[in-house]
Amino acid sequence: MNNKQNAVSLSRAPLVIISVVVFLIWLALWSVATLMEYAPHTSIWFPPAGLTFALLLVLTWRAIPGIFLAILVTGGLANVLYGSQQSFLDTLLSSACFSISHIGVYGLTALLLRFVLVNVAKRLTQKVLWFLLLSAVGSFAAAYSGISALVMSELIAAEDMQNLLLPWWIGDLAGVVILSPMVLAVMSSNHSEFKELLNLQGERTPLVDLQSVLLKILIAIVLLASTMALTFWLEHIAIAFSIFLIAVPIIWVVREDGSTATGVMLLTLSFFTAILIDVFAMMEYAALYQFALIFMAAVTWLSLATAKEKQLTGA
């Protein structure tokens, strides 16, 4: 069975089907993101950003209607959630402005990454590095343009823009670097480097010991919870940096259990990080933990790419 037959691809579906599926998934991820908010408009990590980037890279313009409609709907929901007094028309216009900025920036970034993957980067590690670099640039531009749209719509004050830019950017960046490769690996038959990275090409691979993987994920969650509990009790910034020790079990899974298990572990740890920040009320360390998530994702994808290259070259 070839790659295209294995790919869960929406590209051949009618536009209406694509739009409905994209709308529902985007809306679901936005709902998850609201659970991870530690301030209005700022999540520990924002999965819809990763979904938007991946969909625009794979489906190009066909992803736009579903994303646009989802942002219009979530704009109205956010209006209720934050207690805004905007009228229906003002909410619609502000949501449309935000949608245009969000889709426009990530669309341009996706086009640039598509060009780089085809014409510039040849090795898998190079492609991953380019993905990480363009994710950082694109998410910053998306954060800046998105906040600007909210300022123009008078949903937030102009003086709040500087304080909101960094957490918004890091939240979007975390969403892109964590989720986008997984979405690309599952959906795309064109960008085979992501399928190769996560062993989703359809070839037979050695069976993974599920019990062993679950045990390692549990160990990582316990380590994560322990470091955050220590930070909460001791209230010292130096202890908070122990969160980066989570990279150790991630590399452990990379080396022993393969790429799909590693992707599941990364996603699990990302959600637990956001949940535990809320449990321990550690909002003052939110930026540190956001950077830790980005670091874990970067280590994961680069480690997988390096291991895959060694496997292919027989090194």
task = Might you check whether a residue that is assigned by TED's automatic domain parsing to the domain that holds GLN162, out of contact with any Leu (no Cβ under 8 Å at 6 or more places or on another chain) and closer than 14 Å to LEU173 by Cβ occurs anywhere in segment 142-150?
result = yes
key: When residues of segment 78-92 are limited to those that are among the hydrophobic types (A, V, I, L, M, F, W, C) and surrounded by fewer than 16 Cβ atoms within 10 Å (Cβ to Cβ), the one modelled with the lowest pLDDT   = LEU81
remark   = All-but-one check, GLU284 against (1) at pLDDT 90 or above; (2) surrounded by fewer than 16 Cβ atoms within 10 Å (Cβ to Cβ), failing number (1)
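The values are calculated or read from the model by the stated rules, or taken from the named source; none is laboratory data. Not measured: the values here are computed from a predicted model. With ideal geometry, Cβ positions are generated from the backbone for all residues, glycine too; neighbour counts draw on all protein chains shown.
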